[in-house]
1. Would you call residue 158 surrounded by fewer than 20 Cβ atoms within 10 Å (Cβ to Cβ), closer than 27 Å to residue 221 by Cα, modelled with pLDDT of 90 or more and in contact with a Ser or Thr (Cβ under 9 Å, 6 or more places away or on another chain)?
2. All but one of (1) at pLDDT 90 or above; (2) surrounded by fewer than 13 Cβ atoms within 10 Å (Cβ to Cβ); (3) aliphatic (A, V, I, L, M) hold for residue 237; which doesn't?
3. If only one of 116, 167, 127 is farther than 14 Å from residue 262 by Cβ and modelled with pLDDT of 90 or more, which one is it?
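The values are calculated or read from the model by the stated rules, or taken from the named source; none is laboratory data. What you see is a predicted model, and the numbers here were worked out from it, not measured in a lab. For neighbour counting, all protein chains shown are included, and Cβ atoms are generated from backbone atoms with ideal geometry for every residue, glycine included.
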Amino acid sequence: MKNYIKILLGMIGMGSAIQVQATEKIDTLFVNAHQVVMLVFPEPIRQAVVGDAHFVFTYNKESGQYMGLVQGTEGVESNLFVITTSGMIYSYTLAYKAQLKQTYYKVLEPQHIGKERQPDVKVQTFENEVSKSELKKYDKACEHLLQYRHRKVKTKRRKKLRLRLEEWKYVGDQMYLVVSLKNKSDIDFKVGDVSVFVSRGRKGKKSSYQELELPVSYRYLEPETIVAGGESRWVLVLPKTVVGAHEELKVEVGELMGNRSLHLRL
């Protein structure tokens, strides 16, 4: 399988004029071992991460190629992250299918889910413009989620603060995270950056550790301040992201003009 992919990569160099027909938004890529699926990105590929070994994504790392090739064998679903030279992140679910009707896709820049977090640089937020119809849909779903106390997916305590992820739910193409923060200290907590990441590898090993910031499409009732002794609950809405077997989802809340911060890893 890998030899076949290498032959194809050698045939098509960087900057080749590849005309493809499929330009719709891609959520799931269906692949198998006897057909090659081609992705053509708007910029050269810098890095790619596959969640499981029974899927393979290959591209020419030396020439900065726009094109990547995917194959896989039968097994559980996984996912693929691709980062271009400008730091744009593209995410796909990978699934096996015995016969494929479509084997090539042209990826458009607006389909990216976020931008790579750069070290020692202030974290950017990825607030997208939300239409009135989307806003109404988000508000209704978020209001419904906040009506209930959920199963408490994960809790972190630090410096008399308690950060909790109460719910992690997929609705259509969106991922909803119900977050709560309780301030048991004597000092008000002014909320700064609230960010969500997908990390892969071990933190201590720079060569293997990767952390990608996910874009937040909408923030419902996110507080500015949590008073001493108080608690706030809010909802983050993000594009649907499947976390692989060797990956973690991280939710991070920082203090505005302060040094208190908490994060959860799931």
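1. yes
2. It fails just one condition, (2).
3. 167
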